[in-house]
1. Between residues in region B:11-23 that are at the interface with another protein chain (Cβ under 7 Å from one of its Cβ atoms) and over 16 Å from A:Ala216 (Cα atoms) and residues that are among the charged types (D, E, K, R) and surrounded by 13 or more Cβ atoms within 10 Å (Cβ to Cβ), which pairs lie under 7 Å by C-beta distance while being six or more apart or on different chains?
2. So which residues in region A:181-203 are outside any helix (DSSP H, G or I) and either touching an Asp or Glu at 6+ places or on another chain (Cβ under 8 Å) or surrounded by fewer than 21 Cβ atoms within 10 Å (Cβ to Cβ) (or both), if there are any at all?
3. Would a scan of region B:230-250 turn up a residue that is without any contact (Cβ under 8 Å) to a residue 24 or more places away in the chain, exposed (fewer than 14 other Cβ atoms within 10 Å of the Cβ) and not in a loop (DSSP other than H, G, I, E, B)?
4. In region A:102-120, how many are surrounded by fewer than 15 Cβ atoms within 10 Å (Cβ to Cβ) and more than 17 Å from A:Lys15 (Cβ to Cβ)?
5. Please go through region A:178-196 and give me each residue that is touching a strand residue (DSSP E or B) at 6+ places or on another chain (Cβ under 7 Å) and modelled with pLDDT of 90 or more, ordered by number.
6. Only one of (1) free of Cβ contacts under 8 Å to residues at least 60 places away in the same chain; (2) closer than 30 Å to B:Gln266 by Cβ; (3) assigned to a strand (DSSP E or B) fails for B:Val428. Which number is that?
7. Restricting attention to region A:176-226, which residues are closer than 17 Å to B:Asp16 by Cβ and among the charged types (D, E, K, R)?
Amino acid sequence: MKIDLTDTTASKINKALVKGRRAIGTPAVGMVLTMVIVTDEENAYDAIKAAEEASHEHPSRTLVVIKRHARSPRDRTNARLDAEVRVGADAGTGETVILRTYGEVSDHADSVVLPLLLPDAPVVVWWPVDAPMNPAKDPLGALAQRRITDMYAVERPLTALEARVKSYAPGDTDLAWTRLTPWRSMLAAALDQAQVPIVSAAVESEADNPSAELLARWLEARLNVVVDRVVTAGPVVTAVRLGTANGEIVIDRPEGPLATLTLPGQPSRTLALKVRATSELIAEELRRLDADEMYAVALRGEGTKETPSHV
Amino acid sequence: MSSSSLGAAWENPLRDARDRRLPRIAGPSGLVIFGVTGDLSRKKLMPAVYDLANRGLLPPGFSLVGFARRDWEDQDFAQVVHDAVREHSRTPFREEVWQQLAEGMRFVPGDFDDDTAFKQLRNAVEELDASRGTGGNFAFYLSVPPKFFPKVVEQLKKHGLAKGRQGSWRRAVIEKPFGHDLASAQDLNAVVHDVFEPDQVFRIDHYLGKETVQNILALRFANTMFEPIWNRSYVDHVQITMAEDIGIGGRAGYYDGIGAARDVIQNHLLQLMALTAMEEPASFDADALLTEKLKVLRAVKLPEELGKHTVRGQYASAWQGGEKVRGYLEEDGIDPASTTDTYAAVKLNVDNRRWAGVPFYLRTGKRLGRRVTEIAVVFQRAPHSPFDSTATEELGANAIVIRVQPDEGITVRFGSKVPGTSMEIRDVTMDFAYGESFTESSPEAYERLILDVLLGDANLFPRHQEVEESWKILDPIEEYWARHGKPAQYASGSWGPEEADEMLARDGRSWRRP
């Protein structure tokens, strides 16, 4: 069911949530986290849809913060909060509250979000677009254990990447990194099989792809080799080559979901490497809510002290 | 464990304990299924293999070899797997995953005593090592009746399939029944262990692959609020129930002469009991778990008078859930004078410091009220109630119920004040449902178990010592039943024979309605 509230406050929204739950007869149990999505009107629909799909794996309360920009100077002085409360079948497997902030409320969105967080449960903030320069220092980001940004949604990904390196705080993560998990697990599995030292490496991708850059930095950190960045026509990452004394280990995905794995001295074989939907990426992000140290290693492109050295 | 099979010196620089996104992918390996045309293989094993591949948990080059008495080519086999996957897989069908999997499918036609077929199997295995890089690592899944086990393992040995070359592994996977009494179980173990080392043999008890069963350990040992009361000072008794609403169906040949106790109590229920009652293991590796489970099973004492504390029954013709069903003795292929039990209830005591005096009631049956498996830990009543008797008239004992299936989860039962002016207390429940907090993510038991076999992780597989200990518990009961009386009749769709209710009434208790 849906409840619309105009010019409202957080406590009225909390009342509406209780009322909605009463009406459909389900108590607020089983929700494992609060997901805060900070977005604009344009991207809200897709983001909510992805979050609702992800909520099938992680039932959650989703708070969508949409900052509205009034068109006239008169409206701009008018601070207001509108809310749309969805519970039951309208909200995936959890509850969704869409918050539209006008005027000065937009600068104090955290004051609206704070009373609406689930007790005791972890908080995740996701910026599908327009992530702040320093997510951990952002008022909303500061409420969260986990801050999800997306370098695919910025104008200059590699500049954003440098900013992320500088502002990294434990709990930061980026969907450009999440997208790499299937690649990374296949590379690790290939190396399990080959069991040989790597002497050179190359990552092939479309130009300015942040995932490719992260992958290259991760390989540099783990393998202690210089990784060549090769620009291809894409889409996204198209191949990774690891040089060994006996020949090359190659995972090649020229197009589509089918990739080819080649190991030295063995015939090539096909691999399923699909480009995943945003909801799957979010679901993966929500599986572990502690700091992703390996992301930090990949961002910096160098190992930390705990990492044993490899030759 | 997965890395140890890869040789100790090699350490993969791309893996790191802190990198928890990377899933546990099985190392290079293949799976050979004997009896690949059977129901279990089509409905559970093939879909589980596909689901694992779809989740990206199988190694590149993973290969599946089918062995059965069919005149099939590799493509025909792939088609059968394809159909089984389309119909039964848990995750959505994806063409690219299927292609990756289909390339590694081989079929070997033949009988179990056919030497040429096993030579062909050996060739297939060697060919896969060369063409798919399976590295000599193969698991042999014996999805065949136990009478064929000796033949198959002997053939595997004869054709040099049971031992891999240096640095590779061979494993055998077998399904229940693991014998029908202690002697036959020991014979079977001797046959299998003659060819495979004990730690190469994986016995499937699919209950142990269920999330809820693994969660028993998490509930008990990852929390502090349950363990302090998990003992004789607070627990009154424990009930472990596995009920099925179906009859024996077409399994008359297998079931008659075996019965519910051998089919279910010996393996599933005693395993659930061991997990519920055991002490905290030193670690969560297979050996530590085995040690603790064995300690519990060895501490089990049967009641003095078996006649009073065990009950067996047979379902009788009746209306069940709106349809008229036949009784056990009227089923096709069943001797009308059969004394096979389709219902069994036993009382067991665990003689150790934690559980002395706390009875464990185990029951199982076919054609019962509904399909349900649960473990109910029932607590003692409060020693003193400040409320007068009218206030707490309806109050039952507190209980923690672990619902294994269906509707997996945990229920806590306790008394609560009814809103209103007078002090009236009624039982309420507090529920944790898997479907609520972790929807859609629970893998099938077989997915987990097959992956564990490929990884060499033996935590969730009962060892031969456990199987033998379990038979030591059940054998005296079966012997007593063989000599005394015959099974009580109970109406299909009920919760078992009256004798079972009397058995608990004698102790001043009653069965929960699950």
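The values are calculated or read from the model by the stated rules, or taken from the named source; none is laboratory data. Quick caveat, the model's predicted, so the values are computed rather than measured. Every residue, glycine as well, gets a Cβ built from its backbone with ideal geometry; the counts of neighbours run over all protein chains shown.
1. Once the first residue is at the interface with another protein chain (Cβ under 7 Å from one of its Cβ atoms) and over 16 Å from A:Ala216 (Cα atoms) and sits in region B:11-23, its partners that are among the charged types (D, E, K, R) and surrounded by 13 or more Cβ atoms within 10 Å (Cβ to Cβ) give B:Asn12/A:Asp192; B:Arg18/A:Glu293; B:Leu22/A:Arg184; B:Leu22/B:Arg15.
2. A:Gln195, A:Val196, A:Pro197, A:Val199, A:Ser200, A:Ala201, A:Ala202, A:Val203
3. No, region B:230-250 contains no residue that is without any contact (Cβ under 8 Å) to a residue 24 or more places away in the chain, exposed (fewer than 14 other Cβ atoms within 10 Å of the Cβ) and not in a loop (DSSP other than H, G, I, E, B).
4. 5
5. Those that are touching a strand residue (DSSP E or B) at 6+ places or on another chain (Cβ under 7 Å) and modelled with pLDDT of 90 or more: A:Trp183, A:Leu187.
6. Among (1) free of Cβ contacts under 8 Å to residues at least 60 places away in the same chain; (2) closer than 30 Å to B:Gln266 by Cβ; (3) assigned to a strand (DSSP E or B), the lone unmet condition for B:Val428 is (2).
7. Within region A:176-226, A:Arg184, A:Asp192, A:Arg217, A:Glu220, A:Arg222 qualify.
The rows are residues; the columns are (1) of a type in the set (A, V, I, L, M, F, W, C); (2) within 24 Å of A:Met151 (Cβ to Cβ); (3) more than 11 Å from chain B (Cβ to nearest Cβ); (4) surrounded by 18 or more Cβ atoms within 10 Å (Cβ to Cβ).
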{"residue": "A:Asn224", "(1), (2), (3), (4)": "no, no, no, no"}
{"residue": "A:Val230", "(1), (2), (3), (4)": "yes, yes, yes, no"}
{"residue": "A:Ala233", "(1), (2), (3), (4)": "yes, yes, yes, no"}
{"residue": "A:Arg241", "(1), (2), (3), (4)": "no, yes, yes, yes"}
{"residue": "A:Thr244", "(1), (2), (3), (4)": "no, no, yes, no"}
{"residue": "A:Ile251", "(1), (2), (3), (4)": "yes, yes, no, yes"}
{"residue": "A:Thr260", "(1), (2), (3), (4)": "no, no, no, no"}
{"residue": "A:Ala283", "(1), (2), (3), (4)": "yes, yes, no, yes"}
{"residue": "A:Val297", "(1), (2), (3), (4)": "yes, yes, no, yes"}
